[in-house]
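The structure appears below as structure tokens.
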Amino acid sequence: MAFRKFLPLFDRVLVERFTAETVSKGGIMLPEKSQGKMLQATVVAIGPGAVNPKGDLQAVSVKVGEKVLLPEYGGTKIVLDDKDYFLFRDGDILGKYTE
């Protein structure tokens, strides 16, 4: 609920990364180094959008609650109420998952 107190500006998107699997399908515990980064996340807050060269507001391409694919590197880490969130530009998000 802490992210409700935080509103991204312009075309920024606040996401919460999925947690990495700690146990393999066979039941083996995986060490943190072998887990790798989770590139999937859920959008928890979005900014109003960016202004294009004509002066019009261009809306953000994702909505709150959608699952997105993130780049391996980038984003700004933000800690709100002891939870890690990441802030990305709308253009940095690689894609979104459809159900």
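The values are calculated or read from the model by the stated rules, or taken from the named source; none is laboratory data. All values reported here derive from a predicted model rather than from experimental measurement. Here the Cβ positions follow ideal geometry from the backbone for every residue, glycine too, while neighbour counts run over all protein chains shown. With ligands, DNA and RNA removed, areas are computed over all heavy atoms of the protein, side chains included. Shrake-Rupley method; radii C 1.70, N 1.55, O 1.52, S 1.80 Å.
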| said: Give me the residue from the stretch 18-38 that is open to solvent by less than 60 Å² (accessible area, probe 1.4 Å) and either modelled with pLDDT of 85 or more or among the small types (Gly, Ala, Ser) (or both) and, out of that set, farthest from Gly65 (Cα to Cα). | reply: Gly27
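Answer yes if at least one residue in the stretch 2-17 is at pLDDT below 70, assigned to a loop (DSSP other than H, G, I, E, B), in contact with a Leu (Cβ under 8 Å, 6 or more places away or on another chain) and not charged (D, E, K, R), and no otherwise. Break it down stepwise before answering.
Start the filter on the stretch 2-17 by keeping residues that are at pLDDT below 70, which leaves 2-4.
Those left that are additionally assigned to a loop (DSSP other than H, G, I, E, B): none.
No: the stretch 2-17 contains no residue that is at pLDDT below 70, assigned to a loop (DSSP other than H, G, I, E, B), in contact with a Leu (Cβ under 8 Å, 6 or more places away or on another chain) and not charged (D, E, K, R).
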